[in-house]
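Colleague: Quick one: this structure, given as structure tokens, is what I'll be asking you about.
No value in this document is a laboratory result; all are computed from the given coordinates. Just so we're clear, the structure is a prediction, and the values are computed from it rather than from any experiment. Cβ atoms come from the backbone with ideal geometry, glycine included; neighbour counts cover every protein chain shown.
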Amino acid sequence: MQMMTRNVLLNMELEEDDDEDGDIGDVPDSRRPFLAPHTPLPSGLVLENFDQTIVCSTFGSLESQEDFRTPEFEEFNGKPDSLFFTDGQRRIDFVLVYEDESKKENNKKGTNEKQKRKRQAYESNLISHGLQLEATRSVSDDKLVFVKVHAPWEVLCTYAEIMHIKLPLKPNDLKTRSTFDTFNWFTKVLRVNESVIKPEQEFFTAPFEKSRMNDFYILDRDSFFNPATRSRIVYFILSRVKYQVMNNVNKFGINRLVSSGIYKAAFPLHDCKFNYKSEDPNCPSERYLLYREWAHPRSIYKKQPLDLIRKYYGEKIGIYFAWLGYYTQMLLLAAVVGVACFLYGYLNQDNCTWSKEVCDPDIGGQILMCPQCDRLCPFWRLNITCESSKKLCIFDSFGTLIFAVFMGVWVTLFLEFWKRRQAELEYEWDTVELQQEEQPRPEYEAQCNHVVINEITQEEERIPFTTCGKCIRITLCASAVFFWILLIIASVIGIIVYRLSVFIVFSTTLPKNPNGTDPIQKYLTPQMATSITASIISFIIIMILNTIYEKVAIMITNFELPRTQTDYENSLTMKMFLFQFVNYYSSCFYIAFFKGKFVGYPGDPVYWLGKYRNEECDPGGCLLELTTQLTIIMGGKAIWNNIQEVLLPWVMNLIGRYKRVSGSEKITPRWEQDYHLQPMGRLGLFYEYLEMIIQFGFVTLFVASFPLAPLLALVNNILEIRVDAWKLTTQFRRMVPEKAQDIGAWQPIMQGIAILAVVTNAMIIAFTSDMIPRLVYYWSFSIPPYGDHTYYTMDGYINNTLSVFNITDFKNTDKENPYIGLGNYTLCRYRDFRNPPGHPQEYKHNIYYWHVIAAKLAFIIVMEHVIYSVKFFISYAIPDVSKITKSKIKREKYLTQKLLHESHLKDLTKNMGLIAERIGGVADSSVRPKLE
């Protein structure tokens, strides 16, 4: 079919342009071809179609409308499940929705007229490029008009070649599903019912070429391009068709038209209702099958139907759910080990000698602790921290050390086995050579104004900016990201100041004498109250900064102008994660590695801003506070995300249904039902990835302080998979299917987290917990020459690790002694390893301190080297692509090339035979008269 070559554009005066159309999507018409210049086209036909234009120069009148090719209006045929035009033959590949300008309530005639002409020009150009349009008014709202788009066979074939879409050559009899026959009886209950969701037939595939159409497996033209592929092709066209020329500048693309309000929505159709099968017997009702076997709560224990997800939503959605499912499976092992370590600590807490000493009225009850702030904080007895010391015994145990080492190995196993699984999916889903297929973003093409010589092809190509311009953009973007990171650090400092100031308030208001009958006095110590309130405030600040920075990061990435959609998402991913890393983890890093480390001693305390004394940890360390911080942030984040992901779209759809209650008795078509669902957003599942990666960081970076983190993550992810599935199938419009080879920039981010996790967990055990000081005391200082016991023991640990201070030895002459007037005390204890008053080197670090420091450094070095060695060995031993998958890829390439080559030889032989016959016939006719 010959494609039409008339484009109709609007040439408006400069003053007519309004603010609704930004710079994105604008480019001088004379400075570039519309399609990517690097794309090898099958013919010059498509380029001509995009470049040939008829410009209408009128303004204020509609004389130019005689050049418009408008869609035909048809009445709704009363079939609510129909996915076809009114004729029942042409499939609806995309739907555009706009509000009839003549019926708008704002009554801005000039604005409405401009929008109408832009829309008409755009639709006319869609028709000129071969698409077929049909318009239908809304059943429930007469102002809305739905424009249904259909791509005929010739258009699909042309753009399938341009987009390098891989399509079936012949059925593939090589691929075998990896099932374990021995365990079929056990795994059958977990698998998707194959009688309901039938396995997809597998094919050898190759990039489509119109010249070799006979080589492809075309049984039926209507089914050769599946609905997801048809939607991809139509969206490719919609994103690149122009609708206005102003001052020799093109404006184009459906995204710009939707954002400016000319169209209200653009989306492909779901194939049926989610809770009922389609009435059309030819419809596969894949949405219903996904809801029943994937999104419904009763399927929570089943494996995901990844092939059907990929077929319906595209590879990009499929790879996300494949990764999330695999991550959740691996979390099961980590959760089991974490629970075992937790139970070990819980069951052995009664054997925790140092906690018994804290709670003992004759030991902890007799130890007077120094005030932790000036003037307002009183002296206090050590046994008021009895309950927190018992909890600390659960988490600060030998099992935690084992679990930290295990998690260092687990994260490597997870990443390496995921690479293998990802390679299998690349082969099964035909995305092995995806990078060669991906087209530039329309926004990038729009700015390609500079001509350069390609170093490889030595041909001219267009780029959006020079090397100098690129450096300027990178510098500005990096500066903006750095500024926001500094803003987060400033907020963390604000939280620290809050902690320092509010601790004084809690110290003066909360009772200091423990009362066993009052649970508040038992559990709510000044340290605990400060930690909980600061964690809650920190979480609120995190969420506020999150919301603001998301918009800033998108603006920065738009300004950076990445070439492809993958480059765009990877760039945005790095910016967002860098911000989120500092935002979510900064408070945890502060508690783990800075709090209580630089406090001085009571005679010479360290002051923040010359006013606030630096925070001190509990006598048992800051590990329990770090656990509290992690629990609040992880739990709060999970609750907040579920509210956003479930309640928000559900409430919005509920409100929409309530507003349409007056027309609820009318039968509404499929496109109108989908329009009233929520739009997914251009970034798709980006925020779902971000949420899971932040969780991955909590599970790995600080797991030494909270062994139950993998269990919480496991429970959350089991629900997350079904919540995301329910959200996609029931609450949101169908997304435009997209290709994806892997999980993108998230893979190197996880690898970086895995490397950092070894260091953070080693340092948490060494510097945040009291495990190393306890081991040093047990093996060195409980026996002579430093100890008085004749055998290794933990008895006397508390007394040995608390230093003595004489309250008259306050050294800061600029301040009054803050301890005078707080009671008739002369000596108090504080948490440090220093010599007592009267010693030749009083208040200097003692020999115990240096033994502990040496042991901590040795532990970090040994633990890091051991785990990194194991990680390196595992990475080396487990190849990224399994041998079977490599063989399958090579075999498929060989057979595909052989098939195409043999087909080409057959055609060549056939043509040569015809030529030979013609030559023979000509020779016979010329020789025969002579013989006669």
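Colleague: What distance in nm separates the two pseudo spin-label positions at residue 70 and residue 86, each 7 Å out from Cα along the beta-carbon direction?
Modeller: So the label points at residue 70 and residue 86 sit 1.5 nm apart.
Colleague: Which ³J(HN,Hα) values, rounded to whole Hz and listed in residue order, are derived for the stretch 672-681 from phi using the Karplus coefficients 6.51, -1.76 and 1.60 in 6.51 cos²θ - 1.76 cosθ + 1.60 with θ = phi - 60°, glycine and proline given as x?
Modeller: Couplings: 6, 4, 5, 4, 7, 7, 7, x, 7, x Hz.
Colleague: Something else: Report the per residue volume, in Å³, of the convex hull enclosing the C-alpha atoms of the stretch 375-478.
Modeller: 312
Colleague: Still on this structure, please answer the following. For a quick size check, give me the Cα extents of the stretch 712-785 along its three principal axes, largest first, whole Å.
Modeller: Projected onto its principal axes, the Cα set of the stretch 712-785 covers 75, 25, 13 Å.
Colleague: Can you give the direction-averaged projected area of the convex hull of the alpha-carbon atoms in the stretch 248-393, in nm²?
Modeller: It is 21.6 nm².
Colleague: Please report the spacing between the Cα centers of the stretch 753-777 and the stretch 74-94 in Å, no decimals.
Modeller: Spelled out, the Cα-based centre of one part sits 65 Å from the other.
Colleague: If each Cα of the stretch 256-328 is one equal point scatterer, what is log10 of I(q)/I(0) from the Debye formula at q = 0.17, 0.24 Å⁻¹?
Modeller: These q points yield log10 I(q)/I(0) values of -0.76, -1.06.
Colleague: Shifting gears a bit: Compute the Kirkwood hydrodynamic radius of the stretch 693-754, taking the inverse of the mean of 1/r over all pairs of distinct Cα atoms, and give it in Å to one decimal.
Modeller: After inverting the mean inverse Cα-Cα distance, the result is 14.0 Å.
Colleague: Considering amide H positions built from the backbone, and no H for Pro or chain starts, which residues 5 or more places from residue 601, or on another chain, come under 5 Å of its amide H?
Modeller: Here the answer is 606, since their amide H atoms fall under 5 Å of that of residue 601.
Colleague: Per the Kirkwood treatment, what hydrodynamic radius in Å, one decimal, follows for the stretch 772-884 from the mean inverse distance over all distinct Cα pairs?
Modeller: Kirkwood radius, the stretch 772-884: 18.0 Å.
Colleague: What length, rounded to one decimal in nm, is gained on full extension from residue 433 through to residue 755, with 0.36 nm per residue of separation minus their alpha-carbon distance?
Modeller: 113.0 nm
Colleague: Then there's this: Can you pull out the chymotrypsin sites (Phe, Trp or Tyr not before Pro) in the stretch 296-340 that DSSP calls coil and that have at most 11 other Cβ atoms within 10 Å?
Modeller: Answer by residue number: 301.
Colleague: DSSP loop GluC sites (Glu not before Pro) in the stretch 392-430 with at most 12 other Cβ atoms within 10 Å of their Cβ, which ones? Walk me through the numbers before you get to the answer.
Modeller: Values: sites: 416, 424, 426, 428; in loops: none.
Of the GluC sites (Glu not before Pro), not one in the loops of the stretch 392-430 has a Cβ with at most 12 other Cβ atoms within 10 Å.
Colleague: Another one. So which of 166/551; 273/311; 597/811; 104/551 end up more than 25 Å apart by C-alpha?
Modeller: 166/551; 104/551, as the Cα separations exceed 25 Å there.
Colleague: Could you tell me the convex hull volume per residue, in Å³, taken over the Cα atoms of the stretch 198-316?
Modeller: Value for the stretch 198-316: 179 Å³ per residue.
Colleague: Once you've got the Cα coordinates, tell me which of 114/575; 303/883; 116/727; 871/893; 302/739 are over 28 Å apart.
Modeller: Working: 114/575 38 Å; 303/883 25 Å; 116/727 34 Å; 871/893 34 Å; 302/739 26 Å.
Among 114/575; 303/883; 116/727; 871/893; 302/739, the Cα-Cα distance tops 28 Å for 114/575; 116/727; 871/893.
Colleague: Still on this structure: Can you list residues from other chains, or at least 5 along the same chain, whose modelled amide H is less than 5 Å from the amide H of residue 205?
Modeller: 169
Colleague: Related question: Given all pairs of different Cα atoms, what value in angstroms does the Kirkwood hydrodynamic radius of the stretch 529-636 take?
Modeller: Result for the stretch 529-636 stands at 16.3 Å.
Colleague: Apply the Karplus curve 6.51 cos²θ - 1.76 cosθ + 1.60, θ = phi - 60°, to the phi angles in the stretch 776-791 and return the couplings in whole Hz, x for Gly and Pro.
Modeller: Those phi angles translate into 5, 5, 5, 8, 10, 9, 8, 10, x, x, 8, x, 9, 7, 8, 9 Hz.
Colleague: Tell me the chymotrypsin sites (Phe, Trp or Tyr not before Pro) within the stretch 380-434 that lie in a loop according to DSSP and have at most 16 other beta-carbon atoms within 10 Å.
Modeller: Working: sites: 380, 395, 398, 403, 406, 410, 414, 417, 418, 427, 429; in loops: 429.
In loop regions of the stretch 380-434 (DSSP not H, G, I, E or B), there are no sparsely surrounded chymotrypsin sites (Phe, Trp or Tyr not before Pro).
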